[in-house]
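Student: Mind having a look at this structure? Questions to follow.
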Amino acid sequence: MSVTGKLFLILLLISSCVVLQSCDKKEEPQTFIPPDQQTVDKEKEQKEREEFERLKRLRDGIPDSVSINDSASVAGDSSKAADQKTEKKNFVQKEKELNKRLDNPKNAITDYLELLKRGTSEGGNFELNMKKASQQWTSSNVDRFKSSYKNTKKIVILEEPKIISQNGNEATVEVKILKTDNVNNTDQNLEMTVKYNLVADSKGKWKIKDNTVVKK
């Protein structure tokens, strides 16, 4: 091989080495976020955003998103609403019955006589029942009641109270009773017919204004 050929080969080898070194310099390592790490960060960010929205709804009193059990919840709410409607209807009915009772002067006398019977019966609470009976009159006087019934042993209703007349807020109710008093250690029975004159207040509650006693 001639000298010229040898020189050419040497130059070719030198050029190849230079090219290789240049390529090595260009392939420097680059810094980047692995795809997996990017996915994790995005999922974390999404969860944090959802949690923030959930807490904000709770703060504002808004329930969480609809679930598959919402149909059962709706059914439960409907049942609860139906129960509340029934309870309200029952309450209204009881209120009407109470108003009807208060609007009936006959019932007012029945309740009044029941207090007298309880107070004068053996073992009954005389003080309490005389006080309540006195309050059924427009002018309450418990001392008068205690004096009138302190010797009474028993009161029996012979004929149920009946309305004799009723005009607006005034009414007269008649009842026949048997009153047993202990006088000088002797029981004395007194049969009588009592007419009670009543007036109703603004709420429809009847009270006794006065009475007339007809003894047999």
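Each row is one residue, and each column tells you yes or no for (1) over 21 Å from Asn141 (Cα atoms); (2) of a type in the set (A, V, I, L, M, F, W, C); (3) touching a Pro at 6+ places or on another chain (Cβ under 6 Å).
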residue: Leu158; (1), (2), (3): yes, yes, no
residue: Ile164; (1), (2), (3): yes, yes, no
residue: Ala171; (1), (2), (3): yes, yes, yes
residue: Gly204; (1), (2), (3): yes, no, no
residue: Ile208; (1), (2), (3): no, yes, no
residue: Thr212; (1), (2), (3): no, no, no
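Student: From the residues in segment 117-139 that are in a helix (DSSP H, G or I) and within 21 Å of Gly204 (Cα to Cα), which one is farthest from the chain's Cα centre (by Cα)?
Tutor: Looking at residues that are in a helix (DSSP H, G or I) and within 21 Å of Gly204 (Cα to Cα), I get Ser134.
Student: Here's another thing I want to ask about it. Condition check: of a type in the set (D, E, K, R), closer than 28 Å to Glu170 by Cα and assigned to a helix (DSSP H, G or I). Does Glu114 satisfy that?
Tutor: It is true that Glu114 is of a type in the set (D, E, K, R), closer than 28 Å to Glu170 by Cα and assigned to a helix (DSSP H, G or I).
Student: Ser147 versus (1) more than 17 Å from Thr212 (Cα to Cα); (2) surrounded by 14 or more Cβ atoms within 10 Å (Cβ to Cβ): which is the lone unmet condition?
Tutor: (2)
Student: Is there a residue in segment 182-196 that is touching a helix residue (DSSP H, G or I) at 6+ places or on another chain (Cβ under 8 Å), surrounded by 13 or more Cβ atoms within 10 Å (Cβ to Cβ) and aliphatic (A, V, I, L, M)? Explain how you work it out, then say what you get.
Tutor: Step one: list which residues in segment 182-196 are touching a helix residue (DSSP H, G or I) at 6+ places or on another chain (Cβ under 8 Å), which gives 196.
Those still in the list that are surrounded by 13 or more Cβ atoms within 10 Å (Cβ to Cβ) too: 196.
Filter once more, keeping what is aliphatic (A, V, I, L, M): none.
Taking every residue of segment 182-196 in turn, none turns out to be touching a helix residue (DSSP H, G or I) at 6+ places or on another chain (Cβ under 8 Å), surrounded by 13 or more Cβ atoms within 10 Å (Cβ to Cβ) and aliphatic (A, V, I, L, M).
Student: Do we have any residue at all in segment 117-138 that's under 15 Å from Asp210 (Cα atoms), among the β-branched types (Val, Ile, Thr) and modelled with pLDDT under 95?
Tutor: yes
Student: Further question on the same structure: Determine which member of the set Val156, Val173, Val142 is under 44 Å from the mean Cα position of the chain (by Cα), of a type outside the set (Asp, Glu) and closer than 15 Å to Lys216 by Cβ.
Tutor: Working: Val173 fails: closer than 15 Å to Lys216 by Cβ; Val142 fails: closer than 15 Å to Lys216 by Cβ.
None of the others qualify; the one that does is Val156.
Student: May I ask you to list the residues in segment 153-179 that are surrounded by 13 or more Cβ atoms within 10 Å (Cβ to Cβ) and in a loop (DSSP other than H, G, I, E, B)?
Tutor: The answer is Asn169, and nothing else.
The values are calculated or read from the model by the stated rules, or taken from the named source; none is laboratory data. Bear in mind the structure is a predicted one, so any value in this text is a computation, not a measurement. Virtual Cβ from ideal backbone geometry, glycine too; neighbours counted across all protein chains shown.
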